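Read the figures in this text as sums done on the coordinates, not as results from a lab. Because the structure is predicted, anything quoted here is derived from the model rather than measured. Here the Cβ positions follow ideal geometry from the backbone for every residue, glycine too, while neighbour counts run over all protein chains shown.
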Amino acid sequence: MAIASNRPISICLINQKGGCGKSSTCFHLAGTFAASGKQVLLVDVDPQGSISQAFFGSDAVERMTVWETVAALFDDGCNHIDPQQLIRDTHIDGISVLPANHHLAQFNNPSPEQGGVMQFALREFLEPLEAFDVVLFDCPPNLYQCSWNAMIAARFVLIPIPPEDFATQGIRAVHQAVASARVLNPSLRRLGHLITRSHARMIVHQTYEEKLRRLYGDLVLRSTIPELSGFKVALACRKPVQMQAPRSKAATRMRELVGEIMDRVENRSQHREAA
Ligand SMILES: Nc1ncnc2c1ncn2[C@@H]1O[C@H](COP(=O)(O)OP(=O)(O)OP(=O)(O)O)[C@@H](O)[C@H]1O
Ligand SMILES: [Mg+2]
């Protein structure tokens, strides 16, 4: 594995809204970063194990013991964790996965701030790792211990939001959680809101996108992720769209997103973001 020169770009994708495209975006983003030569670690911190299943299949993921998954980091019984054993290579060059499954659910406490040292489990595990350029955290649809751990470990937060009524309702709670996490992780920055699963021709989506841009200004990324069958087909083939169909519209939109993310990472790293 290549050695990254600096700290990796670590981004957690969070939203307490289910089905907003966190895992799908993580999966295809990982492929796009990997296609540009980056070494990517996908950290699955969702007890649903979506990312893990996308790479290793549901049967294999279901059979994993606590000690073979990210849950080992939270389990008092697991000492001397060897990153080489926990982090798995995948069939895609440049992408490794720290897997999760149902064993993680018992540690996903709804009051994470009372978690004591557990709050730093992911950060302590990941900090010494030097092999990765990009670390992406796929979080569950809540703001409990797993998402909290990801925010304590990451440098950046990306908030996927479909431009619809229910999907936009919980944004304030996400911002509050980010603000609270910054007490323990002052270097955490918001990359912004990413409009996902959008249908450009739907009036209601256009209206909500305008509303989000009016309310949050530059905090909403210019790039949007449309609802496209290309994303679903690639996932069904177990390949990020950048590998499955690099000339497709879906792959092009992902490359645009990565370009904007890199600009924002540079910008956020140079300037202090207002709290
Ligand atoms: N841009 C897209 N185009 C087409 N399908 C998409 C897109 N984004 C997500 N999907 C599909 O929508 C469904 C939900 O997406 P996904 O699992 O990524 O959401 P999630 O936010 O991770 O959900 P959860 O909160 O349950 O973890 C999946 O079947 C996924 O393949
Ligand atoms: Mg998911």
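Remarks
- Of the peptides 223-235, 177-189, 57-69, the order by per-residue mean of other Cβ atoms within 10 Å, starting with the highest, comes out as 223-235, 177-189, 57-69.
- Kirkwood Rh in Å, taken over all unlike Cα pairs in the stretch 72-115: 12.6 Å
- Ordered from longest to shortest, the equivalent ellipsoid semi-axes for the chain are 27, 22, 18 Å, each the square root of 5 times a Cα gyration tensor eigenvalue.
- Counting only residues at least eight positions apart within a chain, or on another chain, the aspartates and glutamates with an alpha carbon under 15 Å from that of K38 are D89, D93, E130, D133.
- For the stretch 9-270, the relative contact order comes to 26 percent (Cα pairs under 8 Å, sequence separation of at least 6).
- Inter-centroid distance (Cα atoms) of the stretch 1-80 relative to the stretch 116-142, Å: 10 Å
- Of every Cα-Cα pair in the stretch 144-258, the percent that sits beyond 19 Å: 54 percent
- Farthest toward the positive end of the dipole of the stretch 9-270, out of I152, M254, M202, is the Cα of M202, where the dipole comes from beta carbon charges about the Cα centre.
- Highest average packing first - 30-40, 137-147, 103-113, Cβ atoms within 10 Å: 137-147, 30-40, 103-113
- Fraction of beta bridges assigned by DSSP in the stretch 1-135 that are antiparallel (%, nearest 5): 20 percent
- The stretch 9-270 - share of DSSP beta bridges that are antiparallel (%, nearest 5): 5 percent
- Once the chain from R201 to E127 is taken as fully extended at 0.36 nm per residue, the excess over their C-alpha distance is 22.2 nm.
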